[in-house]
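Written out below as structure tokens is the structure these notes cover.
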Amino acid sequence: MADRVTVIGWDGSPLTAAARSALGAATLVAGAAHHLALPEVPPNAERIRLGSLSLAARRIAQHRGTAVVLADGDPGFFGVVRTLRAPEFGLEVEVVPAVSAVAAAFARAGMPWDDAQIVVAHSRDLRRAVNVCRAHTKVAVLTSPGAGPTELALLLRGVHRTFVICEELGTDREQVTVLTSDKAADHVWRDPNVVIVIGGSPGGAAAVHSRGTGWIAAHEVGHPTGPRGWGLPARAYGGVLDEGESVQLRTAQLARMGPQVGDLVWDIGCGSGAAAVEAARFGAAVIAVDADADACGRTTAVARRHGVQLQAVHGRAPQILEDLPEPDVVRVGGGGAAVVTACAARRPERIVTHAATRDEAESVGRALADGGYEVECALLQSVDLDTTAWVERERSVVFLLSGYRVPHP
């Protein structure tokens, strides 16, 4: 094992005295090409150009001497420190930090960033980063080759955002560009870069004033602005809800959907928007679909009232679904087996719907099973009581169906 491992963050500014001292004593130096070209790197030190961090960590663990790892920005923030400290390598490290690329990007933009979501984008799971950009008003994206501003913009099609693109921060080629997301694909961008994605409707002004400037990082000021909890009553959404949006049914559906940050939820037949808004309040990106233009308008309005982001799409399922991005979770509020079949073809992790009769439930259940889903069905009965007289006010009976994707062998 190396006698000593020091990780030095570099943000383009002159190295600190501590960093120069550690580097001067190094017998092994690992870093990118521009790090290894620094004049402070000892000429006789073994040099490792970082590609695979795991391979580099293994070589460092086998080295007998003093090792230094150079990394851009703060190496403890989505950086090499996590890999080097993994149990399989057994390395104890000292860290000399620098300003992170995210902090530098927001500084260049002159913006606060304690209310920003921060994600790392890789080509293999770029859509999750895009879903965070759909769901939140301020997101910093640490990009990578094949998952840069162009790819972000293409996957955000239909959602208007402003991009602040910071290229090669800390170098003499640093450049900051501000443009709308629909223009980002028209340019060629240099790596590495950080993209600040801004847009959408923030929480209401009253919530901002009442809660001050925030007290927890990565939490949007004044968000969410709606009441505490979920499975909210009809009055939270402006009055009467459709049968498929009742509090008890919606609560059970949300529990089975399990929407979370990074997910894209389709809410097909969104009605008043109650289920769509509540999924968005969990941090998921939501596309709400309805054949009724008024329903789309109501959903957009209630989302704005609750301070969440969603995209309302007017059109009739299943045809309108063809051009939508891939979902993780789907709630089908209307359309029956035909819509469920179309959704199953897109292979979301879960599909949740309901039926009013046993025949309809069996038809939807077959559609889910034929689509490769494990099917669960429950008969829900709820009774709404008038608590002034403790008498029955309304009774509801409905079949709740949930489809869980069966993994391919």
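The values are calculated or read from the model by the stated rules, or taken from the named source; none is laboratory data. Here the structure is a predicted model, which is why all the values come from computation and not from measurement. Quick reminder, even Gly has a Cβ in these numbers, built from the backbone with ideal geometry, and neighbours come from all protein chains shown. Remember, those area values only see protein heavy atoms, side chains included, never the ligands or the DNA or RNA. Shrake-Rupley method; radii C 1.70, N 1.55, O 1.52, S 1.80 Å.
Just a few scattered comments:
- Just checking the listed ones, F106, F89, F163: in the Gaussian network model of the chain with Cα springs under 10 Å, the one fluctuating most is F89.
- Only protein atoms count toward the accessible area here, which uses a 1.4 Å probe; on the chain, the carbon and sulfur part of that area reaches 53 percent.
- Within-12-Å neighbourhood charge of A56 [Cβ basis; K, R +1; D, E -1]: +3
- Panel note: the C-alpha atoms of the stretch 83-124, placed on their principal axes, show extents of 40, 31, 16 Å (largest first).
- All C-alpha to C-alpha distances of the chain, sorted into 20 Å bins beginning at zero, yield P(r) values of 24, 44, 26, 6, 0 percent in whole numbers.
- Relative contact order (%) - criterion: Cα under 8 Å, at least six apart; region: the chain: 11
- In this structure the chain gives 48 Å² per residue of accessible area when probed at 1.4 Å with all protein chains present.
- With contacts taken as Cα pairs under 8 Å at a separation of at least 6 residues, the stretch 132-199 carries a relative contact order of 47 percent.
- Space enclosed by the convex hull of the alpha-carbon atoms of the stretch 234-388, per residue, Å³: 109
- P(r) weight above 18 Å for the stretch 1-104, C-alpha pairs, percent: 39
- Toward the positive end of the charge dipole of the chain, with +1 on the Cβ of Lys and Arg and -1 on the Cβ of Asp and Glu, the farthest Cα among A57, H136, A378 is that of A57.
- Largest GNM mean-square fluctuation across V99, V391, V119, computed for the chain with C-alpha springs under 10 Å, falls on V391.
- Scoring 90-96, 133-139 by mean Cβ neighbours within 10 Å over their residues and listing the highest first yields 133-139, 90-96.
- Packing, taken as the mean count of other beta carbons within 10 Å per residue, orders the peptides 12-23, 27-38 from highest to lowest as 27-38, 12-23.
- Distance between the stretch 116-172 and the stretch 375-396 - C-alpha centres, whole angstrom: 45
- Residues whose placed amide H lies under 5 Å from that of D263, excluding near-sequence neighbours: A285
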